[in-house]
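Below is one structure; the comments refer to it alone.
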Amino acid sequence: MTQKPVMHSAHWGAFHARREGDRLIIDPFEGDPHPSPLLQNFQQALNHPARVARPMVRRGWLENGPGPDSRRGVDDYIAIDWDDALQRVAQELSRVGQTWGPAGIFGGSYGWSSAGRFHHAQSQVHRFLNTTLGGYVRSVNSYSSGAASVLLPHIVGEMNEIARRGVSWEEIASHSDIVLAFGGLALKNSQVASGGLSEHTERDFMQQAARRGTRFISVSPLKSDLPDDARGEWLALRPGTDAAFMLGLLAVLIEEALTDEAFLARYCVGWPEMVAYLRGEEDGVVRDAHWAASICGVSHDVIRQFARQLHGKRVLVTVAHALQRAEHGEQPVWLGLVLAAALGQPGLPGGGYTYALGALGHYGKHHNLVSFPALPQGKNGIDRFIPVARIADMLLNPGTRFDYNGRQLRYPHIRLAYWAGGNPFHHHQDLARLRQAFCQLDTFIVHESAWTATARHADIVLPATMTLEREDIGGAPTDRHLIAMQPVAAPYAEARDDYTIFSELARRLGREEAFTEGRDARGWLQHHYHQLQQKLAAHQVSIPDFDTFWQQGVLTLPQLKDGGRMINAFRADPDAAPLPTPSGKIEIFSATIASFNYQNCPGHPVWREPQQKPTADHPFWLIANQPATRLHSQLDFGDFSLSGKRDGREVCSLNPQDAARLAIAESDLIELYNDRGHVLASARVTDSIMAGVLQLPTGAWYDPVDPAAARPLCRHGNPNVLTLDIGTSSLTQGCSGQITVVQVRKFRGERPPVRAFIPPH
Ligand SMILES: Nc1nc2c(c(=O)[nH]1)N[C@H]1C(S)=C(S)[C@@H](COP(=O)(O)OP(=O)(O)OC[C@H]3O[C@@H](n4cnc5c(=O)[nH]c(N)nc54)[C@H](O)[C@@H]3O)O[C@H]1N2
Ligand SMILES: Nc1nc2c(c(=O)[nH]1)N[C@H]1C(S)=C(S)[C@@H](COP(=O)(O)OP(=O)(O)OC[C@H]3O[C@@H](n4cnc5c(=O)[nH]c(N)nc54)[C@H](O)[C@@H]3O)O[C@H]1N2
Ligand SMILES: [Mo]
C-alpha cells in the first residue's frame, strides 16, 4: 500500500516520508541544498527486530526486588503487560521518593533524544520528576562541551554567544583571510543540529570562501577533518598537544614583535602574565618554538612559519569541541582565544575567535527572531547536581567530595536512575566501570525504542515510540524553518510515547493534573504554537493559525541578521559594552580561576602533561570521534550506518607505516586494547591519518562477549570500552573521552559474530 507523504524532521534534516509496503520512502526537504545521507538510516527502522516491543523486566529485579545487583547487563528479561509495568514503576518511585526523597533519584537522563521539541524525552523526564516527586538530582553541562561551557564565561562570555553567535558563514565568505581550525571543519559533523537542520549550507559557504581566497587551515591528526570543498591545508599534529603548539605560536609572535600590543592592552587583562609564563619567569621553563616542537611532533621551523603567516591577516581561530573533550581540555580553548587576541582580531568582521565552528549545524548560522517554546520543566525542589560526565564516580562513591568550578560538592547516594532519550552505554567512558556503577543502584528504569546497551542494563524497559510514530514540532533557534512533524506509522507493537507513559505514571502517583495541565500531546503542540504566535506578534509578525501550519508542514520564521554581536560592540567601545567577565575584558589571566588554586587549571592557560600518553605498552593514540554515518548511537542498525561497517563491524583507520610494521592489511580484523578492555574492528589503511594515531568513531552499539568481564571484549567496535573515565580538570570536570592510548594487533582468534542488534533473551 502506498501512502501520501507526510512532513517530518530529524536532528539531521527535514524530509517527506511515506510507506510503500514495508519500506519507508524518504525524500529530503526540497529547500535543503545538501541533504544528509543520515536520512537513509530511517528506511528499515520502523519494524527492525532491535526495537523494544513490550514492557520488560529484568529477571533478577522481578524475583528479588530492588537492590544493588551485579547481574545488570547479563540477566535476561521477562515481558509483562503495561498495567503491571506502570504499577511497578509507580510503586518503586513512591518507595524511593518516600524513603530517600529527590536526592535518591538521578534524573539527569543525558542524551539527544529526537528532534521534536515537545516529545523531547529528557524534558519529559525532568518535568515528570519535578511535578510528581518534587525533583531529582540533575546533571549540568554536556558531553559535547563540558570544559568549554564552564571556562568560557570566566574568560570571554557565555558559550552560545561565542559558538553560535561568534561569526556567521556569510561573514567568513566575505571577510576572512585565514580560517585556522583546530580539529578541522568536517562536514560529517555540521550535518546535525539538535532540534533540526533543514538547510545544510556549510559546503557552499566553504566553496564560496575558498573561491574568494580564504585559506582554510586544519590542524588535526586527521586529513579528513577538512573537506575538499575548502581547498585547504592540513597540518598534522599529535593528539592532545594543541595547547603546546599554540604556546609555541605565541612565543614566535612575541619574539618577532608580531603581536598587537595595543589590542592586548586595551581589550585584555593578563597578557603580561602570559608573556612571563612563556619566557619561563614563573618556573624556569622557556616555552618557545623548540619547546613546542618537542611536544607536538612538528618542527620548530614549521611552527615559526606558521606563526608568521598569521600576521597582518584577517584571521579567524576556531577550536573544535573535540580538543576540550580530553584531559586539560580547557587549555586549547583558552589559548585559541589568546592567539586571536594576540593577533588583534576579536570583533573584526570574519576575524577573531569562534568556538567550535562546524562542529554542529547551529554554528555560524543566524538566529531566529524568537525561539520556539520549550516544555516547562516545573520546579526542582532540590539543588543537587553533578557535572554530567561524573556519573560513574557518583554512583560508585556516594558521599565523596569533588571539586567543580570553585566549589566543593558531595556526590549524593543515588538509589534509582531514570533514563529516557539517552544512551550512557554509548556516551560514557570505560564501559566496564560504568556497568559496575549501574550495578550499585536499587532500580534503573529506561524508556527506549530499541535494545541499546543501556536498555540491556535496565531493570525495567518501557518501549517508547520513535519520532516517526507520533506528531510533534521540530525546530532549532538557528533554523528558519519550523516543521510540522506528522506521523508516518502507527506505534510499533506496544510502544507508547514518553508523554503518555509519564501521564499514566503521574495518574498513578496522584499527580496527573500537575503533569499534564489537562492537555494531550496535540493540546501541548497547539499551546506552544500559540505562544510562538504571541511572541512574534510582539514584533509585529503574524503567522498562520495552527491548523494552517499543520497542513502546510513548514513555516518560515523571521531571523536576526549579522550585527549586534557582543564582541563587535565590545570592540567598538569596551567601556560602554564590556564583556560579561569580571574585568569586562578578555581574560588571558583570570583572577577568579587563579583563586580556586587548581593545579590542573591555574589562572592563565598552560601546557600540562596529560596522565594519558603513549607508552611502550600502549604506543598509539586512539581518536574516538563522532561517526560520519549516524548521530551517536542512534539507528546504528540503519542502512547508512551499516553501509559504513565491514562484516558488521566498525572500521578503524591507521597509517600505512604502522600497518606495515604490524603486518596489518586493509580489511584485516584488528584488536585494539589497553588496561580497560578490548575492541574488534576492521582495519582501514590510509595516509589521511598521521602515523602513531588510530581512529575509531563512536556509536557502534556496545556488544561485549562477556558483559561481566573486568576487561570486556566488544566484538562490534565501541571505543568507549577503551577510553578513560576522568574529568578534564577540577575546574570543569568535563568528559575526556575523545582520545586515549591503546595497543593494536591483528586478531588471531575465532571471529565472534556481532550480536548487537539481536534483542536479549
Ligand atoms: N569516546 C567518546 N564518547 C563520546 C563522545 C566522544 O567524542 N568520544 N562524544 C560525546 C558527545 S559530544 C555526546 S553529545 C554524547 C551523545 O550521547 P547520547 O546523546 O546519549 O547518544 P544518542 O545515541 O544520541 O542517544 C539517544 C538515545 O535516545 C533514544 N531516543 C531517541 N528518541 C527517543 C524518544 O523519543 N524517546 C526515548 N525514550 N528515547 C529516544 C535513541 O534510541 C538513543 O538510544 O556522546 C558522548 N560520548
Ligand atoms: N555525523 C555526526 N555529526 C555529529 C555528531 C554525530 O554523532 N554524528 N555529534 C554531534 C555532537 S553531539 C557534537 S558535540 C559535535 C562534536 O564535535 P567535535 O567534538 O568537534 O567532533 P569530533 O568528530 O569528535 O572531533 C572533530 C575532530 O577533531 C579531531 N581531533 C581529535 N582530537 C584532537 C586533538 O587533540 N587535536 C586536534 N587538533 N584535533 C583533534 C579529530 O580528528 C576529529 O575528527 O559533533 C556533532 N556532529
Ligand atoms: Mo555532543
*Which of (1) of a type in the set (V, I, T); (2) out of contact with any Leu (no Cβ under 6 Å at 6 or more places or on another chain); (3) crowded, with 24+ Cβ neighbours inside 10 Å does T500 not meet, given it meets every other one?*
(3)
*Check every one of the helices (runs of 4 or more DSSP H) wholly within the range 92-178 and list those with 2 or more residues that are modelled with pLDDT under 95 and surrounded by 21 or more Cβ atoms within 10 Å (Cβ to Cβ).*
159-163
*asked:* Residues that are farther than 30 Å from Q559 by Cβ, buried (at least 21 other Cβ atoms within 10 Å of the Cβ), of a type in the set (G, A, S) and touching a residue at least 12 places away in the same chain (Cβ under 8 Å): does the range 375-382 have at least one?
replied: no
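Within the range 448-466, which residues are basic (K, R) and either without any contact (Cβ under 8 Å) to a residue 60 or more places away in the chain or within 16 Å of ligand 2 (Cβ to nearest atom) (or both)?
none
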_Options F549, F515, F570: the member that is over 26 Å from S114 (Cβ atoms) and in a helix (DSSP H, G or I)_ = F570
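How many of the residues making up the range 291-313 are among the basic types (K, R), in contact with a strand residue (DSSP E or B) (Cβ under 8 Å, 6 or more places away or on another chain) and buried (at least 19 other Cβ atoms within 10 Å of the Cβ)?
Summing the residues that are among the basic types (K, R), in contact with a strand residue (DSSP E or B) (Cβ under 8 Å, 6 or more places away or on another chain) and buried (at least 19 other Cβ atoms within 10 Å of the Cβ) in the range 291-313 gives 0.
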*Can you spot a residue in the range 225-245 that is surrounded by fewer than 18 Cβ atoms within 10 Å (Cβ to Cβ) and over 31 Å from the mean Cα position of the chain (by Cα)?*
no
*Set T740, T728: member being buried (at least 20 other Cβ atoms within 10 Å of the Cβ), of a type in the set (S, T, N, Q), at pLDDT 95 or above and under 20 Å from P619 (Cβ atoms)*: T740
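Could you tell me whether the range 427-438 includes any residue that is under 19 Å from the mean Cα position of the chain (by Cα) and among the acidic types (D, E)?
Yes; the residues of the range 427-438 include at least one that is under 19 Å from the mean Cα position of the chain (by Cα) and among the acidic types (D, E).
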_Let me spell it out: the conditions are (1) touching a residue at least 40 places away in the same chain (Cβ under 8 Å); (2) within 30 Å of D442 (Cα to Cα); (3) surrounded by fewer than 17 Cβ atoms within 10 Å (Cβ to Cβ), and N47 meets all of them except one. Which number is the exception?_
(2)
*Tell me which of these P619 doesn't satisfy, since it passes every other one: (1) more than 16 Å from ligand 1 (Cβ to nearest atom); (2) in contact with a Pro (Cβ under 8 Å, 6 or more places away or on another chain); (3) not charged (D, E, K, R).*
(2)
*Within the range 571-603, restricting attention to residues that are in contact (Cβ under 8 Å) with a residue 24 or more places away in the chain and farther than 30 Å from R407 by Cα, which residue is surrounded by the fewest Cβ atoms within 10 Å (Cβ to Cβ)?*
A572
_Test: T686 is over 28 Å from L152 (Cα atoms) and touching a helix residue (DSSP H, G or I) at 6+ places or on another chain (Cβ under 9 Å)_ = yes
*Check the range 310-321 and report whether any residue there is touching a Pro at 6+ places or on another chain (Cβ under 6 Å) and in contact (Cβ under 8 Å) with a residue 12 or more places away in the chain.*
yes
*When T723 is evaluated against the numbered criteria (1) more than 12 Å from ligand 1 (Cβ to nearest atom); (2) crowded, with 23+ Cβ neighbours inside 10 Å; (3) part of a loop (DSSP other than H, G, I, E, B), which criterion, by number, is the only one it fails?*
(1)
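Conditions (1) without any contact (Cβ under 8 Å) to a residue 60 or more places away in the chain; (2) within 16 Å of ligand 2 (Cβ to nearest atom), marked per residue:
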residue	(1), (2)
R95	yes, no
R138	no, no
L151	no, yes
I155	no, no
*Please work out which residue is farthest from L505 (Cα to Cα), limiting yourself to the range 420-447 and to residues that are more than 16 Å from ligand 2 (Cβ to nearest atom) and in a loop (DSSP other than H, G, I, E, B).*
D430
*Please specify each residue of the range 527-540 satisfying the condition of being among the hydrophobic types (A, V, I, L, M, F, W, C) and either part of a helix (DSSP H, G or I) or touching a helix residue (DSSP H, G or I) at 6+ places or on another chain (Cβ under 9 Å) (or both).*
L532, L536, A537
*asked:* On the basis of being surrounded by fewer than 23 Cβ atoms within 10 Å (Cβ to Cβ) and within 16 Å of ligand 2 (Cβ to nearest atom), does S190 make the cut?
replied: no
_Close pairs (6 angstrom Cβ cut-off, 6 or more residues apart or separate chains): within 15 Å of D472 (Cβ to Cβ) in the range 1-23, surrounded by fewer than 17 Cβ atoms within 10 Å (Cβ to Cβ) and polar (S, T, N, Q) anywhere_ = none
*Considering the range 459-512 alone, what residues qualify as being in contact with a Gly (Cβ under 6 Å, 6 or more places away or on another chain) and assigned to a loop (DSSP other than H, G, I, E, B)?*
G475, A476, D479
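So which strands (runs of 3 or more DSSP E) stay within the range 605-694 end to end and still have 1 or more residues that are on the phi > 0 side of the Ramachandran plot and surrounded by 18 or more Cβ atoms within 10 Å (Cβ to Cβ)? Walk me through how you get there before you give the answer.
Details: elements: 620-623, 651-654, 669-674, 677-685.
By residue number, 677-685.
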*Might you check whether a residue that is more than 30 Å from L348 (Cα to Cα), hydroxyl-bearing (S, T, Y), more than 16 Å from ligand 1 (Cβ to nearest atom) and touching a Phe, Trp or Tyr at 6+ places or on another chain (Cβ under 7 Å) occurs anywhere in the range 139-150?*
no
*Out of (1) surrounded by fewer than 17 Cβ atoms within 10 Å (Cβ to Cβ); (2) among the polar types (S, T, N, Q); (3) touching a residue at least 40 places away in the same chain (Cβ under 8 Å), what's the single condition that is false for Q40?*
(1)
*Would the range 313-329 turn up any residue that is more than 16 Å from ligand 3 (Cβ to nearest atom), part of a loop (DSSP other than H, G, I, E, B), modelled with pLDDT of 95 or more and at positive phi?*
yes
_Subset tally (residues that are β-branched (V, I, T) and within 30 Å of C268 (Cβ to Cβ)) for the range 605-621_ = 1
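The values are calculated or read from the model by the stated rules, or taken from the named source; none is laboratory data. Values in this document were obtained by computation on a predicted structure and should not be read as measured data. Quick reminder, even Gly has a Cβ in these numbers, built from the backbone with ideal geometry, and neighbours come from all protein chains shown.
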